[in-house]
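In what follows, a single structure is set out as structure tokens and then discussed.
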Amino acid sequence: YGIIAAGQALIGFLWIFSGFGTYEAAVQKPELSDKDCDFFFTVNVLLGVCLFVISCLSSPLLAYFFSEPILNRVIPALSVTFLINPAGQLHNALLARKQSYRTMVFLDLSGQGLAAVLSVLLAMIGAGVWSLVALNILIAGVPSIAVWFVSPWRPTRFLPGHFREMRGAIAFSS
């Protein structure tokens, strides 16, 4: 299953840019307002969309490089994690600020367990490489969705208008 390894090479590289340090900035900022949370959430989501697009546009190049046409479908599928993970990243930072580490670990382990079970079931019914794609998506997706149920914060605005006020956080995160 080198197909997944080839796809993960791109995803792993792009993942370096995911979040742009906003998780750390949200955890470290002494006072965190709802406007700050909206800002961090917006940056995470927009960056995730950009990385998703870059990854999808890069898939034909990797498919050609590795002589594996299936990468044209696998890489965009793996890239869905760029859309899912940012939705829960700020919620995880808020849990970390509260030092709710048990909750964070429980969500991560539950996601990994569910992903493993479903991936094995998919492999048993003959899904092949797609069982490993599902594993990667579920490992990112289950905790990112579940954290919305345990964290009370919800975004109020998608594009907050206080980018100037957030210069310090931007400097910290980059």
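The values are calculated or read from the model by the stated rules, or taken from the named source; none is laboratory data. For clarity, every value in this text was computed on a predicted model and none was experimentally measured. Glycine also receives a Cβ, built like all others from the backbone with ideal geometry; neighbour counts cover every protein chain displayed. Keep in mind that these areas ignore ligands, DNA and RNA; they rest on the heavy atoms of the full protein, side chains included. Shrake-Rupley method; radii C 1.70, N 1.55, O 1.52, S 1.80 Å.
Observations
Conditions tested, residue by residue: (1) in contact (Cβ under 8 Å) with a residue 24 or more places away in the chain; (2) part of a helix (DSSP H, G or I).
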residue: Ile4; (1), (2): yes, yes
residue: Glu24; (1), (2): yes, yes
residue: Val27; (1), (2): yes, yes
residue: Thr42; (1), (2): yes, yes
residue: Cys50; (1), (2): no, yes
residue: Ser58; (1), (2): yes, yes
residue: Ala63; (1), (2): no, yes
residue: Glu68; (1), (2): yes, no
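- Checked against (1) open to solvent by 50 Å² or more (accessible area, probe 1.4 Å); (2) touching a helix residue (DSSP H, G or I) at 6+ places or on another chain (Cβ under 7 Å); (3) at pLDDT 95 or above, Gly126 passes all but condition (2).
- Verdict on Arg154 being within 20 Å of Ala25 (Cα to Cα) and either among the acidic types (Asp, Glu) or open to solvent by 80 Å² or more (accessible area, probe 1.4 Å) (or both): yes
- Check on Ala87, modelled with pLDDT of 90 or more and either surrounded by fewer than 22 Cβ atoms within 10 Å (Cβ to Cβ) or in contact with a helix residue (DSSP H, G or I) (Cβ under 8 Å, 6 or more places away or on another chain) (or both): yes
- One residue stands out among those in segment 1-51 that are in contact with a Leu (Cβ under 7 Å, 6 or more places away or on another chain), open to solvent by less than 40 Å² (accessible area, probe 1.4 Å) and hydroxyl-bearing (Ser, Thr, Tyr): the one that is nearest to Trp130 (Cα to Cα), which is Ser18.
- Matching residues, segment 106-119, being free of Cβ contacts under 8 Å to residues at least 24 places away in the same chain and open to solvent by 80 Å² or more (accessible area, probe 1.4 Å): Phe106, Leu109, Val117
- When Val74, Val43, Val49, Val53 are screened for being among the aliphatic types (A, V, I, L, M) and at pLDDT below 90, only Val43 passes.
- All positions within segment 53-79 that are surrounded by 18 or more Cβ atoms within 10 Å (Cβ to Cβ), within 16 Å of Leu135 (Cβ to Cβ) and within 16 Å of the chain's Cα centre (by Cα): Ile75, Leu78, Ser79
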